[in-house]
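Single-structure report; data block below.
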Amino acid sequence: MTARPLKHARVFLLLACTLVPATAQGPRNFAAHAMVAAANPLAAAAALEMLKAHGSAVDAAIAAQLVLNLVEPESSGIGGGAFMLVFDPKEKKTTSFDGREVAPASATPEMFLDAKGTARGRGDVIPGGLSVGIPGVVGMLEMAHKKYGRLPWARLFQPAIRLSENGFPVGPKLARSIAGAQRSMPDIARTFFHADGSPYKAGEIFKNPELAKSLRAIAAGGARAFYTGAIAEAIVTAIQQAPRNPAGMTLADLASFQPRELEPVCGAYRIYVVCSMGPPSSGGVAIVQILGMLERFPASDLKPNSLSETQRFTQASRLAYADRAKYLGDTSAVAVPLKGLLDKGYIASRAALIDPAKDMGTAQAGNPPEQHTQYAPQISGANHGTSHMTIVDESGQVIAMTTSVESAFGAKIMAGGFVLNNTLTDFSFEPVRNGAPVANAPAPGKRPLSAMSPTIVFDRQGNFVLGIGSPGGPAIISYVAQSLVAILDGGMTPQDAISLPRHLNTNAGTLLETSPWAEQITPQLTAMGHTVRRATVEGSGLHVVQKVPGGYLGGADPRRDGVVVGE
């Protein structure tokens, strides 16, 4: 196959090499044949390199993830987990790959309780080994590559290995993250701080030869080289000998890890079909519920960031988060009433609770029409150590992948040049609340609940419309759903939609991203009964690709270092 001339290549490669912020790209985010929207220019450039070599969207995602491990280590990497949705245009079929971390055999329901049986604070269990789950990224990427990859596995590692050995200029987000990192943890201090104790700053050249060595081993030996052998031994040593909260993960735990291919969760919304990740993510269920409730209202009531849209959206969000807290968990370990939660009649009954003129206050979980256990609702923390990418290749294959080490720099311990996750803190710290079991309680071999929501939207004929996702902890659900409403109902471009000031309600107070719009709307919302809080929102990191006549239009969240590149 001969190489096709790259349309817009000069513009996109310039963006990928010079850290141009997303806001500078505007409506120029167009490509005729293929597109990448990712959280760092160097990662996007690696993905584009694979697309130029006629690799698949899955190939490009693997290359991007490996580079993100180096350039955005506070957010994702091979020491963490990920969810990937893949749309196959030949069969018009969407599948999902589950690379969520798994609790080791040493995990127990009481693992986050103190000697008195009281839940410990997050600061007590992070950093260290106790919060580390068996990493799932490498196994998941290999599974997806075996099914959808076109380029050789080892080829996908070349950009990350090259950058690890030769170095790269530290980007603004990484510099901010390092400045706030826990220098008291030896691995963090040794890797991200100079010998004199000063942090790496934006523009300084950073190298990671230890990571390059690990990547070379995995490139040659596949996932087996990660889950067994020297890398696995380094992971186990880091966890068992952690300076704080050492824990009991073993080589047998790592060797036993298995990624999964699962059916996505899908639901109709007006003239569209929205597909997202099912359990152990809560994202797909919550997004389908929110959109299903909003379908009760005409699109004219959902004008982006209007008072009417904000009121309706926050109320639908309250109801979805209430169900999430009570019913969602790892379906391989607990019974989740999935069909009932997605039932159109049930969603309509929840929508009937929305008062267009008044905040409902704390919502209670519903009673879905499916036999279910009466679980106690859990309390979720907020974690922002996550990243998202959306990629479309020249054949029309689409991936939406959200990937994470959980909190910034995960558990603050490292092995083989990469950060280890703290994902087990996504479990409920309390296995029982008010005498009832919690669906998302820890257990050996169980996957903790996630809010990661890689999402692909189709028309009713099964044609691709857009792919989207975001970091942001539990707020991911709101970030993605709000942007979908702005694009599908409000007719906004991806870039304009994800640049909107965020508003969300996770069934607590209503949070508005600090902006002139927030100042203007706060008195009106307060009069409707909302308890309003305004804050800077850094967790949002949306990346979108939308099919438009003649090609694709993309968007990268201006709150992070992301870019859109394409050909």
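The values are calculated or read from the model by the stated rules, or taken from the named source; none is laboratory data. Please read these numbers as outputs of a predicted model, since none were measured by experiment. With ideal geometry, Cβ positions are generated from the backbone for all residues, glycine too; neighbour counts draw on all protein chains shown.
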Cβ pairs under 7 Å, 6+ apart, first in the range 531-560 and farther than 13 Å from V480 by Cα, second basic (K, R): V537/R502; V537/R559; E538/R559; R560/K173
Residue count, the range 396-414 (criterion: farther than 30 Å from L553 by Cβ and either without any contact (Cβ under 8 Å) to a residue 40 or more places away in the chain or crowded, with 24+ Cβ neighbours inside 10 Å (or both)): 9
The one condition in (1) modelled with pLDDT of 95 or more; (2) out of contact with any Asp or Glu (no Cβ under 7 Å at 6 or more places or on another chain); (3) in the same structural domain as T526 (by TED's automatic domain parsing) that A400 fails to fulfil: (3)
Residues of the range 274-304 satisfying the condition of being in contact (Cβ under 8 Å) with a residue 12 or more places away in the chain, among the polar types (S, T, N, Q) and either surrounded by fewer than 20 Cβ atoms within 10 Å (Cβ to Cβ) or out of contact with any helix residue (DSSP H, G or I) (no Cβ under 6 Å at 6 or more places or on another chain) (or both): S281
Condition met for Q258 (among the polar types (S, T, N, Q), over 26 Å from M185 (Cα atoms) and in contact (Cβ under 8 Å) with a residue 24 or more places away in the chain): yes
Residue in the range 415-424 that is more than 30 Å from A46 (Cβ to Cβ) and polar (S, T, N, Q) present: no
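Hey, among V137, V170, which residue is β-branched (V, I, T), within 28 Å of S540 (Cβ to Cβ) and in contact with a Ser or Thr (Cβ under 8 Å, 6 or more places away or on another chain)?
On inspection, the qualifying residue turns out to be V137.
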Options P516, P454: the member that is of a type outside the set (S, T, N, Q), on the phi < 0 side of the Ramachandran plot and touching a residue at least 12 places away in the same chain (Cβ under 8 Å): P454
Residue count for the range 223-242, restricted to those that are surrounded by 15 or more Cβ atoms within 10 Å (Cβ to Cβ), within 27 Å of G123 (Cα to Cα) and in contact (Cβ under 8 Å) with a residue 40 or more places away in the chain: 5
Condition met for N245 (farther than 27 Å from L156 by Cα, buried (at least 19 other Cβ atoms within 10 Å of the Cβ) and not aliphatic (A, V, I, L, M)): yes
Filter result (surrounded by fewer than 21 Cβ atoms within 10 Å (Cβ to Cβ), touching a helix residue (DSSP H, G or I) at 6+ places or on another chain (Cβ under 7 Å) and either among the aromatic types (F, W, Y) or without any contact (Cβ under 8 Å) to a residue 12 or more places away in the chain (or both)) within the range 147-165: Y148, W153
Meets criteria (assigned to a loop (DSSP other than H, G, I, E, B), among the hydroxyl-bearing types (S, T, Y) and buried (at least 20 other Cβ atoms within 10 Å of the Cβ)) for Y375: yes
Some residue of the range 532-543 being in a helix (DSSP H, G or I) and at pLDDT 95 or above: no
